[in-house]
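J.: Questions regarding the structure given below will be posed in turn.
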Amino acid sequence: IGFLKISVESPLAAGVRRIEAVTRDGAVELVQQRDLERKNMARMLKVGPAELPQTVEKLSARVRELEKALADERGKQASAQAASLVDEVREVNGVRILATRVEGVEPKGLRDYADKLRDKLGSGIVVLGAENKGKASLLVAVTKDLVGAHNAGKLVKELATTIGGSGGGRPDFAQAGGTDVSKLDAALKSVAGWVAEQLA
């Protein structure tokens, strides 16, 4: 076999791994290729090859700091916007409803946004719609005192059909996604009618 270098190692099952290796000239070529890649990376980062581990560690830490700062800033913006959106609340037979479209919020960030709005309402139903990468997202949050009469999972499934998608979740919180962004506003407008039917 001579000179041998492991090229790939991956898990197959519990306690079982797959190992691929190259030998002789193939092993030498692999080492040379990886050494070249290491030198190119060091050149891009403007450090010596020996400094790569520390440099990558510092960059990773910096990225985590920036991600945290960005999340904090988005949280502050969400709080400010939540305060202004409360003015859009309407009542249907005594139930406070906030069904609105938000911009610049990714699906993952909708939940935090809805939590802030739900806290502002105290008692009510929050329905948020957003467009992300050409697709429609919906989120429904119901305060605990209304869960018995208004199920977030049922509401989001109803709304999802309007935007050509599907969804589900818990009685107090549910999400849906769909492909028809043009129907997002129509879905939000239908929330009041759905709540009225539940109370009839």
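J.: Mind checking which pairs have a first residue in the stretch 132-143 that is at positive phi and free of Cβ contacts under 8 Å to residues at least 60 places away in the same chain and a second that is open to solvent by 10 Å² or more (accessible area, probe 1.4 Å) and aliphatic (A, V, I, L, M), Cβ under 9 Å, 6 or more apart or different chains?
T.: Matching pairs, first to second residue: 134/181.
J.: Inspect all residues belonging to the stretch 78-88 and state whether any of them is touching a Ser or Thr at 6+ places or on another chain (Cβ under 7 Å), aliphatic (A, V, I, L, M), surrounded by 11 or more Cβ atoms within 10 Å (Cβ to Cβ) and modelled with pLDDT under 90.
T.: yes
J.: While we're looking at this one, here's another question. When you look at residue 17, is it assigned to a strand (DSSP E or B), open to solvent by 90 Å² or more (accessible area, probe 1.4 Å) and basic (Lys, Arg), yes or no?
T.: yes
J.: Just a yes or no: is a residue in the stretch 106-118 open to solvent by less than 50 Å² (accessible area, probe 1.4 Å), among the hydroxyl-bearing types (Ser, Thr, Tyr) and under 17 Å from the mean Cα position of the chain (by Cα)?
T.: Yes, that holds for at least one residue.
The values are calculated or read from the model by the stated rules, or taken from the named source; none is laboratory data. These figures come from a predicted structure and were not determined experimentally. Cβ: placed from backbone, ideal geometry, glycine included. Neighbour counts: every protein chain shown. Heavy atoms of the whole protein, side chains included, go into the accessibility calculation; ligands, DNA and RNA do not. Shrake-Rupley method; radii C 1.70, N 1.55, O 1.52, S 1.80 Å.
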